[in-house]
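Here's the structure we're looking at; comments come further down.
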Amino acid sequence: MAGTIVSGSPGIYVIGVNTGTGTIRPFASIGQRNVIFNQAIVINKDGTGRLGAATLDPADISIVGNSFTARIDAALLPSTGFAFDRYGFNLWPRVGFAGNSDISDFAPDNALLSAVPEPASWALMIAGMGVAGAGLRRRRQVAAIA
């Protein structure tokens, strides 16, 4: 973000998510035709948030300096046509809900971002490679007789 996120100051962060049937294009009139979504995640500067009617667990939202992290359960974003790794995301900070003039910027213009594997997935993958490597190393060598 452009500066430190201060709890209690005006503003929210909205993340639009296109899970496959993104038909909502509310910002075409201000030149942002690529902002397409069918789900919206709202992160408040006090570390709370929501996705539609679901309240997000504040323990899954972290605000440090000028950045925030929100862990969203994939079950809250069911596919409507796209594979999870093909979802489109947009971020737009807002200072209020009075209209499009309350939006300071759009990013990253409907980018397709990959999901980040959790540490347990990485550990399982590394352990699997280790087991495969050990198996190859212990494989009995066959002598060739000419």
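The values are calculated or read from the model by the stated rules, or taken from the named source; none is laboratory data. On a predicted model such as this, the values are computed, not experimentally measured, just so you know. As a convention, Cβ positions derive from the backbone with ideal geometry for all residues, glycine included, and neighbour counts pool all protein chains shown.
Looking at GLY20, GLY47 in this structure, which one is surrounded by 13 or more Cβ atoms within 10 Å (Cβ to Cβ) and under 16 Å from ALA75 (Cβ atoms)?
GLY20
For the stretch 26-47, the set of residues classified as of a type in the set (Phe, Trp, Tyr) and within 11 Å of ASN100 (Cβ to Cβ) consists of PHE27 only.
The set of residues from the stretch 71-93 being under 26 Å from ILE5 (Cα atoms) and touching a Leu at 6+ places or on another chain (Cβ under 7 Å) comprises ILE72, LEU76, GLY88, PHE89.
Annotation note: of ALA146, ALA111, ALA115, the sole residue that is assigned to a loop (DSSP other than H, G, I, E, B), hydrophobic (A, V, I, L, M, F, W, C), at pLDDT below 65 and closer than 21 Å to LEU51 by Cβ is ALA115. Here ILE30 passes the criteria (1) surrounded by 11 or more Cβ atoms within 10 Å (Cβ to Cβ); (2) within 17 Å of the chain's Cα centre (by Cα) except the one numbered (2).
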